[in-house]
Amino acid sequence: MSRIGKNPITVPAKVTIDISKGNLVTVKGPKGELQQQVDPDLGFNQEDGTLTVTRPSDSKRHRSVHGLYRTLIDNMVVGVTDGYELILEVVGVGYRVENKGQLLILTLGFSHPIYFMIPEEVKVEAIMEKGKVPTIKLASNDKQLVGQIAAKIRAFRKPEPYKGKGIRFQGEEIRRKAGKTAAKK
């Protein structure tokens, strides 16, 4: 039995979960509404504030999707109650970031600024304070979408191992390398 798949999902009082034909799971809460198409073989038991995901057999395919869809539904429940927030740090001399609505403008040492349009579902805020590293705050109720947008922004200038310059997640540790040493004669 899947250790993750058999865990029950606790559903807060403010959240409603609707499972329609074809296993389309809709989760509604104070921070919005999310939908996820789930494998039609899986079953659901909803009783007094908990939701459990069941699988019909122990075949390899059923075992592989059991924990996956349980986690996706749990992420949806957390998203519509609390939401998700990711913070990116832009480290480097002359690196700047600003936003105009949903348009993120990044100056990362290239010959041109990078313009990146953020989807409406994600709230973006660029913070530039004197003496501090510029940061980008991304917030949404969809964990997958926030993670994907953050990964795309990070890919514009990944942190390099010598000076640590680039875009990194807050709290991410960069493995540093030693530079060249002078040749001995």
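The values are calculated or read from the model by the stated rules, or taken from the named source; none is laboratory data. Since this is a predicted model, take the numbers as computed values, not measurements. Cβ placement follows ideal geometry from the backbone for every residue including glycine, while neighbour counts extend to all protein chains displayed. Note: areas computed on protein heavy atoms with side chains; ligands, DNA, RNA excluded. Shrake-Rupley method; radii C 1.70, N 1.55, O 1.52, S 1.80 Å.
I'd like to check something: does segment 142-152 contain any residue that is part of a strand (DSSP E or B) and in contact with a Leu (Cβ under 8 Å, 6 or more places away or on another chain)? Lay out the reasoning, then the answer.
If we filter segment 142-152 for residues that are part of a strand (DSSP E or B), which is where we start, we get none.
Within segment 142-152 (the criterion being part of a strand (DSSP E or B) and in contact with a Leu (Cβ under 8 Å, 6 or more places away or on another chain)), the answer is no, since none of the residues qualifies.
Just name the residue that is most open to solvent (accessible area, probe 1.4 Å) out of those in segment 122-141 that are farther than 13 Å from residue 102 by Cβ and either in contact with a strand residue (DSSP E or B) (Cβ under 6 Å, 6 or more places away or on another chain) or among the basic types (Lys, Arg) (or both). Looking at residues that are farther than 13 Å from residue 102 by Cβ and either in contact with a strand residue (DSSP E or B) (Cβ under 6 Å, 6 or more places away or on another chain) or among the basic types (Lys, Arg) (or both), I get 130.
Residues that are touching a Pro at 6+ places or on another chain (Cβ under 8 Å) and of a type in the set (Lys, Arg) were ranked within segment 157-175; the one that is most open to solvent (accessible area, probe 1.4 Å) is 175. Pairing residues of segment 137-166 that are within 21 Å of residue 127 (Cβ to Cβ) with residues that are hydroxyl-bearing (Ser, Thr, Tyr) and open to solvent by less than 40 Å² (accessible area, probe 1.4 Å), at Cβ distances under 8 Å and at least 6 apart in sequence or on separate chains, gives 146/140; 157/95; 165/95. Per the conditions (1) within 21 Å of the chain's Cα centre (by Cα); (2) part of a strand (DSSP E or B), the sole criterion not satisfied by residue 68 is (2).
For the subset of segment 71-90 comprising residues that are aliphatic (A, V, I, L, M) and not in a helix (DSSP H, G or I), which member is most open to solvent (accessible area, probe 1.4 Å)? First the steps, then the outcome.
Just the residues of segment 71-90 that are aliphatic (A, V, I, L, M), to begin with: 72-73, 76-78, 80, 86-88, 90.
If we keep only those that are not in a helix (DSSP H, G or I) as well, we get 86-88, 90.
Numbers: 86: 56, 87: 34, 88: 0, 90: 2 Å².
Checked segment 71-90; the qualifying residue most open to solvent (accessible area, probe 1.4 Å) is 86.
The set of residues in segment 44-70 being within 17 Å of residue 11 (Cα to Cα) and either surrounded by 15 or more Cβ atoms within 10 Å (Cβ to Cβ) or in contact (Cβ under 8 Å) with a residue 12 or more places away in the chain (or both) consists of 44, 46, 49, 50, 51, 52, 53, 54, 69, 70. Any chance you could count how many residues in segment 167-185 are hydrophobic (A, V, I, L, M, F, W, C) and without any contact (Cβ under 8 Å) to a residue 12 or more places away in the chain? Selection size over segment 167-185: 3.
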